[in-house]
Structure formats: structure tokens, C-alpha cells
Ligand code: NAD
Ligand code: 9ON
Ligand code: ZN
Ligand code: ZN
């Protein structure tokens, strides 16, 4: 089969990867959509520098949906042809975190690899999924357009749920980075809260999109962003700040704006450092680093989409155009998410 794989010297399309039979407990999925996540760009860059957590070669694509094509021995209650979302944070399945459906925080971190992150992912016509618990039914959702739900939807959903107690109707949430994750975060905030939302991005086009998705106010991420947000809030700090970039400038913006006893959630992996010393962040403020989401939360994200409250802006790319999708992601010219559709 064709597959877009990451090698030690970079990613490329190959045409000779065998489609393997599912072994005991495994499921073979025919891929409908595989989203291109900014983490892929970080991983590709880290691999080139010899500093990746993941050992190549493997097929990229950790944000996947598809149809069940075959099941291995011992797999029961999985229907052939069923449209499914593929949960990506594959843990050990046995530690405390895994047993309470927090597999994204598996205690055996070394085993915390998923398809597209260290193991073969969805930028191929087919993908092997190691266990039936990672398949969440999509119901009537269009499988190609649903792929971003599994990461761009799930990750901000998990972050917003963590911060929910602070997101009362009189609260203000700051959302920095309105890309694949951020454009879903805005919809999730609208669906789950009545908080005022201020969106921040470098791109005017993203900010226009943010307003359509329910942001109350938007701010360009330039050197005036901090004072602009303070003008909007009449000098008040924000209750919750979500950073979907994680660069030094965005971490600094978020930490300076979050209120005492508020919360700052750093989701982006942009290489910035969170400094701590007296005065670097308000007293009592919590800083957290949400990672992905649980299987239970993926079910909730899919339910939110099925109820029409969450919808990814998708640009589809064929498998021979993955490099174009990553270039657009890198250049910031996409609206929402690029999704690779290996089977058309
Ligand atoms: P994306 O490229 O689709 O979106 C990033 C957005 O941030 C773009 O709209 C861009 O214009 C904007 N931006 C870039 N620099 C900015 C700045 N200095 N100030 C304000 N806005 C800025 O990326 P994505 O796929 O949404 O991923 C976002 C980040 O989240 C990446 O670092 C990715 O690796 C990370 N991520 C983390 C997790 C997790 O579990 N923690 C999961 C998925 C992705
Ligand atoms: O889904 C993602 O983008 C995260 C979980 C990637 C984590 C990583 O180490 O790149
Ligand atoms: Zn991702
Ligand atoms: Zn575990």
C-alpha cells in the first residue's frame, strides 16, 4: 500500500508497505481521514535533529478515522464496515491511569505511543489498531471530516473540561492560537460555557474565523496584545488562559494575563519555557499541561459533533499531497485542519 512515512532523514511517500493481517486482538482499519497536526511538524523537526521521542521509521497520522476492514483472532463485538474514530494515546492498559480511562496519562510513559507517533498511523490506505477499546463508533458522522475530532477536538475538550469550574458566565477565557486545536476550542467553549472568550492569533484570517466561531473579541498577537486584552477587560485579569501555541511569547502573554487563583493551560508544544518565581504569575494561579484526552472524552466529543455543536473546518488532501498539507500547516495558510483522505 501507499503510506507517508517518517524516516530518520525525513518523511516521504512509499508505495511498497505491505498491508498486514490483524493479529490476536488487533483490528485492520481502512482509513477515511488522517489529520495533519502541528505536532507532526515538531516530530519531523526533532527527528531531523536526532532528538525525537519516537523512533523512525513509522507512518505519520495520529488523528484518524476509518472503516473496520478485518479483525484478528479474539476480537468480538466489532462490526465489519463500521465507521470508527481511532483513539491515539495507546497506554499499557493496566496501570491506574489506564484503568480509570485516563490512558493519555499512562504511568508507563515509555509505552505511551500511538499510531502516527512512533507506531504506524493513518497516512496510508490501512492501519492496524492494537485493541478494540481504541475504536469509538462515529455513527452518522462523515468519517473523513470527523478525523480532527480525535485530536484537534479531543485535546481542547479535555483542557476545557479541566477548567470548567472556573468558566462561569461572568468569567473570561483567553484562547491563544486559533489553528487546528484552537478553532475547535472556541466551539467547545461556546457549547459548554457562557464565558466571555477573547481569541488571539497572528493571522487576521484566523481571527475572522474565530469571530464566526463565537469568540467575543479578537486580538492580534503583536507587541500590543497584552495591553489590548487589558483594554477589553477594563484592566481585569482573565480567569482561564488556554495556550494552543506554547511559544515563549504566548506563554508570557498568558501568564501575565491570568488572574490570582485562575488557571493557565499550556497545550501547545512550541518550545517556550514557563518560568516560576514570585511575580511571574499571579498568586494561587494553577498552571497545567493537559495532554490529549481520554477515551470517555472522545465519546463525548463525538456526541457533541453528532448534536451539531462541533464541526472541524477541513481541507482535504490526497495521499500524494501530504507534503503540500504540511507546507500549508507550516505556513499558517490553512483554515482549521488539513485531512489526508488516502482512499479518496
Ligand atoms: P496549527 O498550526 O493548526 O495552529 C497554530 C495556530 O497558532 C495558528 O493559527 C497560528 O497562526 C497561531 N500562532 C502561531 N504562533 C503564534 C503566536 N506567537 N501567537 C499567537 N498565535 C500564534 O497547530 P495545531 O495543530 O492546532 O497545534 C497547536 C499546538 O498544540 C502545537 O504545538 C501542537 O504540537 C500542540 N498539540 C498538543 C497536544 C497536547 O496533547 N498537549 C495535542 C495536539 C497538539
Ligand atoms: O496529539 C498530539 O499532537 C500530541 C499528543 C503529540 C505529543 C508529542 O509528543 O508529539
Ligand atoms: Zn496531534
Ligand atoms: Zn498505563
Subject >> region 318-344: number of residues that are without any contact (Cβ under 8 Å) to a residue 60 or more places away in the chain, surrounded by 13 or more Cβ atoms within 10 Å (Cβ to Cβ) and not in a helix (DSSP H, G or I) >> reply: 1
Original post:
Scanning region 23-48 for residues that are closer than 15 Å to residue 119 by Cα and either within 16 Å of ligand 4 (Cβ to nearest atom) or more than 22 Å from the chain's Cα centre (by Cα) (or both), which turns out surrounded by the most Cβ atoms within 10 Å (Cβ to Cβ)?
Top reply: 27
**OP:** Could you list, in sequence order, all residues of region 224-253 that are near ligand 1 (Cβ under 10 Å from one of its atoms) and either surrounded by fewer than 16 Cβ atoms within 10 Å (Cβ to Cβ) or on the phi > 0 side of the Ramachandran plot (or both)?
**Re:** 246, 248
**OP:** Looking only at region 294-309, decide whether some residue is touching a helix residue (DSSP H, G or I) at 6+ places or on another chain (Cβ under 8 Å), in a loop (DSSP other than H, G, I, E, B) and under 21 Å from residue 142 (Cβ atoms).
**Re:** yes
**OP:** Would you please list the contacts, defined by Cβ atoms under 9 Å and residues six or more apart or on different chains, that run from a residue in region 135-164 that is at positive phi to a residue that is outside any helix (DSSP H, G or I) and modelled with pLDDT of 95 or more?
**Re:** 139/83
Original post:
From the set of residues in region 39-55 that are modelled with pLDDT of 95 or more and either under 16 Å from residue 321 (Cα atoms) or in contact with a helix residue (DSSP H, G or I) (Cβ under 6 Å, 6 or more places away or on another chain) (or both), which is nearest to ligand 3 (Cβ to nearest atom)?
Top reply: 40
Subject >> Matching residues, region 62-75, being part of a loop (DSSP other than H, G, I, E, B) and either without any contact (Cβ under 8 Å) to a residue 12 or more places away in the chain or within 11 Å of ligand 2 (Cβ to nearest atom) (or both) >> reply: 62
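The values are calculated or read from the model by the stated rules, or taken from the named source; none is laboratory data. From a predicted model like this one, the values you see are computed outputs, not experimental measurements. Methodologically, a virtual Cβ is constructed for each residue, glycine included, from the backbone with ideal geometry; neighbour enumeration extends over all protein chains shown.
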